[in-house]
Amino acid sequence: MAASRAGRVTLATDWEQAKRLATSDCFPPAWAHQTLQDKQYLMRPIFEASKKGRSIPRLRASEHARKHVGAWFGSMGKPVVTITNRNTYEASRNTKDASVPMAAVLRENFAVVTIDDTSDELARGFGYGGINLDLRMAMYETAAMNIFGNNGPAVLAWFSEAPFWHMNAAMPFKHWRKFWEEHVGLDVGAQEQLPWAAKNQRLIYQEMGPEAIPA
């Protein structure tokens, strides 16, 4: 996948197709030279470009997905908060258990929709946002708030206008702090936020739970 600086994203099925489709303005410049052993982590240069004034493209779900998710969420009678759980390898990053008491507190004022780990939904044989990227993105855009742990789907919210509280940011610190500071380019000690973040888009550098909910 290569994203042009004009904001267009092209998904290629193999390297040869990617090279045929490439323009002279692709990011990162050395995209064609990475390997599985020497792969590039692209967050840091994106953040650096943003800090220098470059506009960062934002992700959006399709109009069709937003329409149907909007009707579903609207039928709940309360503002909706999504909680995206992780339940796979690297157990220290999983949030399935930690999200339960937080959901209980949130249900006093919100309708809570849990998006389970994709592997869990696939194992059950059915799912919604956990197995469909367009629906997942529509849920994040439509919700009043989206809560994540240290998981992959959080990045969809990072690069969108969807509101989010990303808890467990860079946690557990002994494993992830160095990686975040070197490859993501955020100062964990200073609890640095995304350079383009709105007030309702926050990285929260503490463990997921009711006490981590911003006032």
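Quick note: the coordinates plus some simple rules give every number you see, no bench work behind them. Source: prediction; values computed, not measured. FYI the Cβ positions are ideal-geometry reconstructions off the backbone, even for glycines, and counts take in every protein chain you see.
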Relative contact order in percent for segment 84-173 (Cα pairs under 8 Å, 6+ apart) equals 28 percent
Springs between alpha-carbon pairs under 10 angstrom, Gaussian network model over the chain: which of Ala12, Ala104, Ala157 fluctuates most?
Ala12
Name the residue farthest towards the positive end of the dipole of segment 90-215 from the options Met102, Ala162, Gly149, assuming +1 on Cβ of Lys and Arg, -1 on Cβ of Asp and Glu, about the Cα centre.
Met102
Provide, for the chain, the number of lysine pairs with alpha carbons under 20 Å apart, each pair being eight or more places apart or on different chains.
4
Förster radius 30 Å - calculated FRET efficiency between Tyr41 and His68 (Cβ-Cβ, nearest 0.05)
0.30
Over the chain, calculate the relative contact order: mean separation of alpha carbon pairs under 8 Å at least 6 apart, over the residue count, as a percent.
20 percent
With a 10 Å cut-off between alpha carbons and a GNM built on the chain, which of Arg44, Arg124, Arg60 moves the most?
Arg124
Most packed first (mean Cβ within 10 Å per residue), the peptides 15-21, 88-94 order as 88-94, 15-21
With springs only between Cα atoms under 10 Å, which of Ala32, Ala162, Ala138 fluctuates most in a Gaussian network model of the chain?
Ala32
